[in-house]
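Presented below is the structure to which this report refers.
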Amino acid sequence: MTRSLAVVGKSLTRLGALEKVTGRSQYTGDLTLPGMLHAKILRSPHPHARIVSIDTCAAQALPGVAAVVTPRDVAPDTRLQPDRA
Amino acid sequence: MKIKKRWKVFFLINGKRRSLTIEPHWTLLEVLRDQLGLTGTKKGCDRAECGSCTVLLEREPVYSCQVLAVQARGQRITTIEGLTRNGKLHPVQQSFIDHDGVQCGFCTPGFVLTASAFLDRTRRPTPDQVKQALSGNICRCNAYVKIIESVLSASKRGKRIRD
């Protein structure tokens, strides 16, 4: 059985190559959307520690801050539980 | 000494005069991307390691993350958006398409601009000269073999287009 194939065995130009060599490709960091906010994750400065409390007052008081989100703002049943196995 | 907080400056970007007010701590990269919307110039490392932010300043490749915008005032800047003339691709751009010197494409604008400036100076480069010229640009997809092929092939194409 012989059938001519449209793609197999042919050298094809990569999809999006033109957009990439001209700088028109949009990457996540290139997007701007109406009302777009920027998020910043604060990670623990310690490799192994217990979080005793989180004081968000200073962050909340900064101009332009829309929200400060901590585990307290997340419903309890969706929180990651410590592994007790 | 009084420190100027705002500077009224102009740049000659891709052959067009662009006037704007900038702050002295803004990098050229930030001005291009955030003030002028020229997002073809990429912010990779923001610390002079990767070369994704390469633009041509007075025809020489520079890391735009390491140039303060005020330092570049009044100067000619070419970004990837300015390399295409009247819809015609620069020979280096065409070569990157033909030889598949592109994978994810994030480093591509920087590589293309570095290569175009290099080929302006060096008409018939050896593979080693190409590698040396591109040593300030990093490709995390590891497409180096095809990038070098692309640049060598471009060196055999027609003359470059000047601004």
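The values are calculated or read from the model by the stated rules, or taken from the named source; none is laboratory data. Bear in mind the structure is a predicted one, so any value in this text is a computation, not a measurement. Here Cβ is always computed from backbone atoms with ideal geometry, including for glycine, and neighbour counts include all displayed protein chains. To get the accessible areas, we keep the full protein, side chains included, count just its heavy atoms, and leave off ligands, DNA and RNA. Shrake-Rupley method; radii C 1.70, N 1.55, O 1.52, S 1.80 Å.
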Task: Residue within region B:62-69 that is in the same structural domain as B:Cys45 (by TED's automatic domain parsing), open to solvent by 20 Å² or more (accessible area, probe 1.4 Å) and without any contact (Cβ under 8 Å) to a residue 40 or more places away in the chain present - done: yes
Open item on the list: Only one of B:Gly74, B:Gly44 is open to solvent by less than 70 Å² (accessible area, probe 1.4 Å), outside the structural domain of B:Cys104 (by TED's automatic domain parsing) and closer than 27 Å to B:Arg140 by Cβ. Can you tell me which?
Closed with: B:Gly44
Task: Residue check, B:Gln93 surrounded by 14 or more Cβ atoms within 10 Å (Cβ to Cβ) and in contact with a Cys (Cβ under 7 Å, 6 or more places away or on another chain) - done: no
Task: Conditions (1) crowded, with 23+ Cβ neighbours inside 10 Å; (2) away from chain A (no Cβ under 11 Å); number of the one not met by B:Ile22 - done: (1)
Open item on the list: Please go through region B:106-153 and give me each residue that is β-branched (Val, Ile, Thr) and either open to solvent by 20 Å² or more (accessible area, probe 1.4 Å) or within 17 Å of B:Cys45 (Cβ to Cβ) (or both), ordered by number.
Closed with: B:Thr108, B:Thr114, B:Thr122, B:Thr126, B:Ile138, B:Val145, B:Ile148
Task: Subset of region A:17-42 [more than 12 Å from chain B (Cβ to nearest Cβ) and surrounded by 10 or more Cβ atoms within 10 Å (Cβ to Cβ)] - done: A:Leu42
